[in-house]
1. Could you tell me the center-to-center distance, by alpha carbons, between region 184-207 and region 23-101 in angstrom?
2. Using 0.36 nm per residue, how much length does the chain from Tyr233 to Lys143 gain when fully extended, once their Cα-Cα distance is taken away?
3. What is the calculated FRET efficiency for Thr260 to Asn178, with r their C-beta to C-beta distance and R₀ = 41 Å, to the nearest 0.05?
4. Ranked from highest to lowest mean number of other Cβ atoms within 10 Å per residue, what is the order of the peptides 185-192, 231-238?
5. Students often get this wrong, so try it: which of (1) 1, 6, 12, 15, 16, 13, 9, 5, 3, 3, 3, 3, 3, 3, 2, 1, 1, 1, 0, 0, 0; (2) 1, 5, 10, 12, 11, 9, 7, 6, 6, 7, 7, 6, 5, 4, 3, 2, 1, 0, 0, 0; (3) 1, 5, 12, 15, 16, 15, 12, 9, 6, 5, 3, 1, 0, 0 is P(r) over Cα pairs in 5 Å bins from 0, in percent as calculated from the structure shown?
6. Please compute the contact order of region 174-262 in relative form: average sequence separation of alpha-carbon pairs under 8 Å and at least six residues apart, divided by the residue count, as a percent.
7. Name the residue from Ile40, Leu74, Ser13 whose Cα lies farthest towards the positive end of the charge dipole of region 1-98, charges +1 on Cβ of Lys and Arg and -1 on Cβ of Asp and Glu.
8. Under the definition of Cα pairs under 8 Å and six or more residues apart, what whole-number percent is the relative contact order of region 120-219?
Amino acid sequence: MKNKSKLRDLGFSQYEAACYMALLGNHPANGSQLSKVSGIARSRIYDVLRSLSAKGFVIEVNTGQYAPLPVDELVRRLRRDFESNIQAFEAEIARADRKNDLEFIWTLTGYDNVMEKARHMIQGAEKEIYARLFPEADRHLSKDLIKAQKKGVAIRYIAMGDIPKRFSVQVTHPDHQNLIQTIGGRSFDIITDKNEALVGIFEVDNEDSSPINWTRNPWFVIANRDSLRHDFYHCFLEKTLDRHLGLTHEEKQLYRLIKTDN
């Protein structure tokens, strides 16, 4: 018997899935007929039918003749039971979870996985987002950041390269051209609502295996958020001390905003 029905992922045993699927195309049918169609031994088929009958997925329509529960009704019941089990599980873990496991720092790998997590964080942000991105990551996340800004989320953006100015609080890191060589890759930082951080470095030629840290550990989040705040100061100091230029009115306003953005 070779059966790869997805019913096995929904709580059916291998034999139950094979029997139900066979019965869909051959009903009403008796145990002998189903044994031949499904590949389940005659010595087992009636136990399987009794199990499916007890669960309400099969009905005996005549003596020894069986029919399957209609597919739409099966789907409705499976969906109802799944949602009910999820709700029960949520209540169970709420009672059991006396410690905040999210204080741990988790490691994500896979470039697409990291971008998916970043988008989820950005879409869920309610108050603020600190972001420090190279152009490659910006291309994946800029649309979500713009949407977040439109719904009232404050964006604090540090561009690590030639990235269009989209946000009122946005600067370009003065040393972005050298940083890839200095740190061995492209830094990646998303901090949302002073609550959640996704940070790390996509190593050159090893982006898909580079470990990126995700956490809600408050101390880790605060430290990394503060690191991004100080990158704004880096921009101001580089302009005034290295290039001997004065800050514009807009930059002075930005300095005062970041200074008080605790």
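1. 46
2. On the way: separation 90, 0.36 × 90 = 32.40 nm, distance 2.65 nm.
That pair, Tyr233 and Lys143, stretches by 29.8 nm at full extension.
3. Values: r = 31 Å, r/R0 = 0.75.
Given R0 = 41 Å and the Cβ-Cβ separation, E is 0.85.
4. On the way: 185-192: 23.9, 231-238: 16.8.
Listed from highest to lowest mean packing, they are 185-192, 231-238.
5. It is the value labelled (2).
6. On the way: 90 pairs, mean separation 17.3, N = 89.
Over region 174-262, the number comes to 19 percent.
7. Projecting each Cα onto the dipole axis, the largest value belongs to Ile40.
8. Working: 169 pairs, mean separation 25.9, N = 100.
Relative contact order of region 120-219: 26 percent.
Quick note: the coordinates plus some simple rules give every number you see, no bench work behind them. Everything numeric here is computed off the predicted structure, so don't read it as measured data. So basically every Cβ, Gly included, is an ideal-geometry build from the backbone, and we count neighbours across all protein chains shown.
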